[in-house]
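Participant: Submitted below is the structure of interest, expressed as structure tokens.
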Amino acid sequence: MLISRLERLGLGVLTRSCPPELVDRVVGDASRSEKRRRLLSARFTVYFVLVMCLFPQADYLEVLRLVKTRDPGLRSWTGVNKSSLTRARQRLGWTVMRDLFRAVARPLGGSGELFRGLRVLALDGTLLAVPDSAGNNDTFGKSGSQRSPMGYPQARVVAVAECSSHAVLDAVIGGFKESERIVSDALEAHIGAGTLLLADRGLWGLARWHRLRERGTHLLWRIERRKARRVQDVLPDGSYLARIEANKHSKAAGTVKAPPSLVIEYRIDGQPDIVRLITSLTDHAKYPAAELAALYARRWEIELVFDEIKTHQRGRPVLRSQTPDGVRQEIYAHLIVHHATRDLLDEAARLHRSTAERTSFTRALHIVRRTVISPSGFSPLRPQTRPAPRTHRDRPQPPASPPTP
């Protein structure tokens, strides 16, 4: 039932999430508009890159065929080859795809999925293997030592995702050698008042904690034991208030002091280690420690988001772009495609009065792919108009009875 609703909603998913008017505005703001009319326009190149990420196994010319299939409005494509498509991507640049992603990305979860009025987000990072070209190697770096590097260069992607809908709200790209903590400092969108951010201990930083709190974000992070030694008060539910300070080797030492924060400790069955959480939600009556401990398990939702993108959507172990700018462009295009698929799932779930988590992301991705190659589902040149809802007057009437001879 839900899948059939997805089929009906799926017409032109890419132009539905990224309408041509929005693409043109983002291209214009980035000063990438053409000064002369081109066959491979900036708008067309945006959609080409998106379809390229939808069909990762297809080569450039096959992707081009998929984009222009059954669309008589497109001009003759004589002379278009892989080199001209590569140059079109280079002219477009990667910042257009980043700005388009940030224009498209938005929370998808409803009010019923908030935690006591707070939208629950997760912060984490992942690595994506990129082609072993000289530019990618210099920009992103490899694992191993300088004398004996190993494997492919890897781009580090740090993202914020909404736990309930799996929608990625913001992401930044760095190199393999860069720390997730440093890369995450560039995240800006959708982190602020009314949100609760979950993160693992690898992203802990007192100065970062202060910056996020100044923006109104509430935090629930895992920390190491030595970070919470100065206990000030033990609360009835077993949690305690403690003052967290920067260690003496930190740049923040002596300049940043945190107010008392709530610390929660618990042990997962069968695990010897104690899980230690710190939160800015210090009202233990309004935010019980047991509820916060259970909520922290939702941080793993972002790992499922990365799996959806890396395993199911990417469809290949290594990205295809040979240059650093191309890699960044391709990654943000993958994020746009993922958000469009999640948006489709969320709308179908609302109509079906269920949750998007119950429907297979892979099946929804197949539907998105089918809409691109359907005769009326996708056009990079014409805006996609959504049909008005049908009323009882629009329903087809039974044919009139034939006249009696």
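The values are calculated or read from the model by the stated rules, or taken from the named source; none is laboratory data. Since we're looking at a predicted model, the values are computed, not measured. Methodologically, a virtual Cβ is constructed for each residue, glycine included, from the backbone with ideal geometry; neighbour enumeration extends over all protein chains shown. All accessible areas refer to the heavy atoms of the entire protein, side chains included, with ligands and DNA or RNA removed. Shrake-Rupley method; radii C 1.70, N 1.55, O 1.52, S 1.80 Å.
Participant: Grab the Cα-Cα distance for Val275 and Asn81, subtract it from 0.36 nm times how many residues apart they are, and report the gain in nm with one decimal.
Facilitator: Result: 64.3 nm gained on full extension.
Participant: Here is a further query. Once you order the gyration tensor axes a ≥ b ≥ c over the Cα atoms, which shape class does the stretch 21-172 get: rounded for a/c under 1.5, otherwise prolate or oblate by comparing a/b with b/c?
Facilitator: oblate
Participant: What pairs in Lys177/Lys286; Lys68/Lys177; Lys82/Lys310; Lys68/Lys310 have C-alpha atoms more than 31 Å from each other?
Facilitator: Check vs 31 Å cut-off fails for Lys177/Lys286; Lys68/Lys177.
Participant: Evaluate E = 1/(1 + (r/R0)^6) for Ala207 and Glu303, where r is the Cβ-Cβ distance and R0 equals 25 Å; express this FRET efficiency to the nearest 0.05.
Facilitator: The value I calculate is 0.45.
Participant: Right, next: Taking only protein heavy atoms into account and a 1.4 Å probe, give the accessible area per residue of the stretch 83-204 in Å².
Facilitator: With all protein chains present, the stretch 83-204 gives 40 Å² per residue.
Participant: In the stretch 175-225, what trypsin sites (Lys or Arg not before Pro) fall in a loop by DSSP, with at most 16 other Cβ atoms inside 10 Å?
Facilitator: Lys177, Arg215
Participant: Expressed as a whole percentage, what fraction of the accessible surface of the stretch 95-164 belongs to carbon and sulfur atoms when a 1.4 Å probe is rolled over the protein heavy atoms?
Facilitator: Roughly 45 percent, rounded to a whole number.
Participant: In whole percent, what relative contact order does the stretch 133-227 give with Cα contacts below 8 Å and a gap of six or more residues? Display every interim value, and only then the final one.
Facilitator: Details: 137 pairs, mean separation 18.7, N = 95.
In percent, rounded to a whole number, it is 20.
Participant: In addition: Report the calculated FRET efficiency for Ala58 and Arg350 (r = Cβ-Cβ distance, R0 = 41 Å), to the nearest 0.05.
Facilitator: Between Ala58 and Arg350 the formula returns 0.80.
Participant: Packing-wise, with mean Cβ within 10 Å as the measure, how do 99-108, 269-278, 291-300, 337-346 rank, highest first?
Facilitator: Going by the mean number of other Cβ atoms within 10 Å, highest first, we get 337-346, 99-108, 291-300, 269-278.
Participant: Hey, another quick one. Would you mind computing, in nm to one decimal, how far apart the modelled labels at Ser360 and Glu113 are, each placed 7 Å from Cα along Cα→Cβ?
Facilitator: Rounded to a tenth, the inter-label distance reads 2.1 nm.
Participant: In addition: Expected output is a single nm value to one decimal: the length gained when fully extending between Gln322 and Glu34, i.e. 0.36 nm times separation in residues minus the C-alpha distance. What is it?
Facilitator: Difference between extended and current length: 101.2 nm.
Participant: While we're here: Let me have the relative contact order for the stretch 32-153, percent, based on Cα pairs under 8 Å that are six or more residues apart.
Facilitator: 18
Participant: Would you work out which of Gly141, Ser84, Gly112 lies farthest towards the positive end of the dipole of the stretch 76-146, given +1 charges on the beta-carbon of Lys and Arg and -1 on that of Asp and Glu, about the Cα centre?
Facilitator: Looking along the dipole axis, the top candidate is Ser84.
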